[in-house]
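The values are calculated or read from the model by the stated rules, or taken from the named source; none is laboratory data. A quick note: this is a predicted structure, and the numbers were derived from the prediction, not measured. Here the Cβ positions follow ideal geometry from the backbone for every residue, glycine too, while neighbour counts run over all protein chains shown.
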Amino acid sequence: MGWGRDRRQARNHRLKERIAGMAFLDAQARAVLFEPPDTHEETLARYALTPEDVAFARRRRRSHNRLGFAVQLALVRDLGRPLRPGETIPAAVLDTVADQIGIDPVVFELYARRDETRREHLAEIVAQLDLRTMRERDYRLCIRAAATGAVATERVNRSYSP
């Protein structure tokens, strides 16, 4: 039983080593997918809070925690990731989110001086949105979906080749 798991782990390790050296996306494509927008137009389209989001953020006692919480909620919704420790959030995002909850964006500087605050807020957001960590089965489904999409893209590209 342990032998099969060891073989699987070794195979996964070799695969990770091979993939680690590959770049599937250029820097610009990665930024679009994984970084918050830096223009007000794009931010307005991607970071609109619902009335429920605003009420959820307003449950925090201090204005900097309300704003930080709302920014973190918006990041999780848009990018699927939380605020990173020490991350600088673009002014467009801060302005857009702060305007929706009626807070001066300058107070964001005070948010999460305690790393614990950021982590506690993230736990609340994850629970509220009913999220969970990816499991091995999820990775398999994602890989299968990506492979199917890649094959379909390759077929389309071949059919339009001169």
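So the values come out like this:
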item	result
Sole exception among (1) touching a residue at least 40 places away in the same chain (Cβ under 8 Å); (2) touching an Asp or Glu at 6+ places or on another chain (Cβ under 7 Å); (3) basic (Lys, Arg) for residue 58, by number	(2)
Hey, residue 112 in contact with a Lys or Arg (Cβ under 9 Å, 6 or more places away or on another chain) and small (Gly, Ala, Ser) or not	yes
Number of positions in the stretch 38-96 that are farther than 17 Å from residue 122 by Cα and either among the charged types (D, E, K, R) or not assigned by TED's automatic domain parsing to the domain that holds residue 113 (or both)	5
